[in-house]
1. Cα extents of region A:54-223 along the three principal axes, largest first, in whole Å?
2. Within 10 Å of each residue's Cβ, count the other Cβ atoms and sort A:61, A:93, A:488 from fewest upward.
3. Rank these for me by crowding, A:453, A:548, A:349, A:316, going from fewest to most other beta carbons within 10 Å.
4. Can you tell me the 0 to 90 degree angle between the C-alpha axis of helix A:90-104 and the longest principal axis of chain A, rounded to 10?
5. Between residue A:16 and residue A:302, what length comes free when the chain is fully extended (0.36 nm per residue of separation minus the Cα-Cα distance, one decimal in nm)?
6. Can you work out the FRET efficiency for the pair residue A:645 and residue B:113, with r the C-beta to C-beta distance and R0 = 30 Å, to the nearest 0.05?
7. Could you order the peptides A:502-512, A:710-720 from most to least packed, using the average number of other C-beta atoms within 10 Å per residue?
8. If region A:608-733 were replaced by its equivalent ellipsoid, with semi-axes equal to the square roots of 5 times the Cα gyration tensor eigenvalues, what would those be, largest first, whole Å?
């Protein structure tokens with residue numbers, strides 16, 4: 001069939017179209033080939049440079065918890081406010097400076113000066129929180145500022161409880177690196193590993209889907225679970241601080257509470273510490289004002305550095321001291337273990353002994369005469385222990401000194417532990433041995449002393465003191481657990497039991513009775529050591545007062561060491577009246593908290609409280625009679641003839657020799673009385689004064705077992721208005737005990 | 001052509017071949033029937049081809065548009081996710097900071113202070129505790145029950161009581 005005109009035209013049209021398409025697309029294809037194959041690699045490189053964004057993902061520092069998973073230290077995101085002077089024009093310089101100066105509290109002129117620098121990065125203020133950051137963002141949006149001010153993410157370390165456990169926790173520096181305490185010791189575990197994010201951004205800055213997008217997530221740091229118990233730490237810090245103030249301590253005080261069987265540190269406090277949120281601020285206000293008065297810049301800077309170093313120093317592990325009579329528990333244990341002495345081995349204490357040309361005096365003028373080894377500990381006789389040291393000899397003494405861990409560091413997981421200063425067996429002269437036997441020759445650290453005390457208490461095992469019990473990863477899985485295996489056995493279980501009994505007697509009726517707690521079978525030893533090393537500087541008469549004890553004596557669980565460096569208060573400088581009340585106060589709270597309930601002996605109960613007789617409804621005369629027969633005194637309020645109410649109520653406990661308050665009319669029952677000052681009184685004086693004022697006293701401390709104790713504190717402040725018959729707890733201690 | 005060398009011209013005796021006359025010229029004009037004419041005037045629109053072409057075009061366009069739309073949505077959603085993650089991160093930071101401030105107000109010292117000074121509370125005194133002297137082998141029993149026990153608890157307590 002012949003091709004029609006239409007078909008031909010169609011063919012021609014198609015041909016032309018194909019031609020046009022070939023020409024047109026040919027150019028495109030040519031261009032594509034040129035761009036993709038010829039210039040492709042080069043252009044890809046340029047695109048990558050322009051579009052790819054490589055962001056470092058900062059890892060978050062791990063959290064520090066106490067043993068009950070309460071957060072003691074954690075990190076949160078904050079921002080650095082950065083000025084970009086290169087982007088700031090004269091037009092908005094003033095606005096930016098004005099706004100930022102108001103928000104950041106900086107000088108406007110200073111910001112203006114800094115905005116003129118030829119740089120893209122000038123940090124104005126670091127680590128601002130969300131509220132400041134929001135203000136800056138609002139300021140930027142209100143004034144349409146896109147460049148010139150930048151907020152860069154950073155992390156800040158927070159310690160929610162301020163100075164609480166500051167010496168244990170330590171603090172971090174500007175780069176979030178640990179500089180002290182467990183923050184420094186476990187810095188590598190706490191610091192995570194930074195991640196990386198590679199993305200592609202378009203011209204507007206939005207993320208583009210990028211086939212090569214890669215994210216290596218940051219690995220957050222591990223967290224630490226400390227052995228510290230927040231409650232125990234609180235009581236240790238509270239009573240240590242009170243004692244430091246009451247005894248006008250010049251050179252700080254410290255206390256350690258340790259689990260006798262595992263070596264876990266339940267509490268460690270130094271008073272004269274710092275706030276880890278502001279570690280570079282001197283916390284001692286008097287020291288700060290002294291330094292502020294220094295005019296010379298260099299001297300001021302040096303004094304500031306010294307003050308900061310002092311407040312950061314963990315006295316419990318970094319300072320050495322003469323342990324004084326507390327060390328007698330070690331010498332005594334060594335002698336008993338070697339079978340050289342028994343509880344009833346008799347010694348003569350004439351008042352002084354001459355050793356190697358030097359006179360060593362007993363603390364009690366005239367000595368104690370004939371006394372047993374057990375009484376030698378209870379009376380803390382230096383002369384008895386000089387003789388015990390001589391019986392041991394230098395070699396044996398050093399053997400036990402080493403075995404108890406005094407020759408080496410304890411290896412506690414905290415930085416800055418000091419070595420002890422001691423004489424080896426070959427270096428000890430007879431006078432050195434004599435002084436070492438009662439703790440006045442070798443210098444040790446408090447952590448070494450309490451570890452040795454735990455060995456005496458727990459059956460003879462030297463434990464490993466540690467502050468961290470577990471390390472957790474960011475998901476909460478346990479990565480590492482601290483070992484609680486003892487290092488070695490130093491003395492036998494039998495020697496340990498016998499020494500515990502002696503120390504219990506010491507805390508009941510010996511020099512350590514200022515730490516006596518009814519119902520808890522406390523064992524303890526006081527110490528008063530002279531700082532003889534200061535004599536070289538012309539300073540004399542400086543002492544360290546300490547108390548080291550554990551409870552319960554029949555199954556020791558917890559040990560505590562308290563020591564005050566250079567006390568100058570009204571209680572003197574002896575271990576018993578200075579450190580004893582701190583031990584008593586803290587352990588009274590800590591032991592029941594840890595589930596150790598009091599078990600009173602009948603003798604103790606007999607000395608403690610009685611039951612108030614029921615006299616409601618009786619006539620005043622009959623009521624007084626009944627109360628007097630029960631061994632109490634009565635105080636009557638009102639003008640009625642019969643008793644309508646009484647305090648304490650019938651059948652309730654009332655301290656021995658206490659006062660039962662009787663009300664005879666409604667008006668009188670709303671009366672109040674002022675609590676008198678019951679400090680610095682003997683037991684009978686305190687009783688009498690309390691009775692006159694119409695309050696009762698409940699006694700704690702030495703008064704339960706001693707007749708010469710003096711009251712040192714009361715739980716209700718003098719002058720407080722209370723109901724008549726209110727019970728005020730008064731703590732007694734022995735003022736004239738030495739060591 | 002006759003052989004010129006032969007004696008006779010036999011071509012004279014051969015039947016005369018008539019020279020072929022040119023075939024008659026066919027007329028250039030083809031007369032088509034009316035129907036065909038009409039048909040040729042309008043090119044045949046083949047319906048099936050058209051529909052299938054349109055369908056294919058629609059499908060291909062649809063795929064292309066869907067693909068492009070998907071990419072756009074993906075980009076937008078990625079942006080939204082990023083913003084949401086950023087907002088979450090910021091709120092978590094604010095929460096952390098507020099939690100820290102809250103914790104600092106509830107330290108043990110603060111609580112103790114508030115309880116004793118503002119609420120007039122005191123720690124349990126020894127005079128508020130009654131000590132009971134017991135011998136070994138004595139046992140105690142709670143008389144005043146505060147909570148309703150289930151039958152399981154009652155059975156267990158009965159078994160414990162029987163065995164003790």
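Taken together, the values in this text are just the output of simple stated rules run on the coordinates, not laboratory data. Please read these numbers as outputs of a predicted model, since none were measured by experiment. Positions of Cβ are generated from backbone atoms using ideal geometry, with glycine treated the same way; all protein chains shown enter the neighbour counts.
1. Rounded to whole Å, the extents work out to 57, 47, 26 Å.
2. On the way: A:61 25, A:93 16, A:488 11.
Lowest count first: A:488, A:93, A:61.
3. A:349, A:316, A:453, A:548
4. Computed tilt is about 20 degrees.
5. On the way: separation 286, 0.36 × 286 = 102.96 nm, distance 9.35 nm.
Gain in length upon complete extension: 93.6 nm.
6. Working: r = 32 Å, r/R0 = 1.08.
Calculated transfer efficiency: 0.40.
7. Working: A:502-512: 25.6, A:710-720: 17.5.
Top of the packing list down: A:502-512, A:710-720.
8. So the three semi-axes of region A:608-733 are 26, 16, 10 Å.
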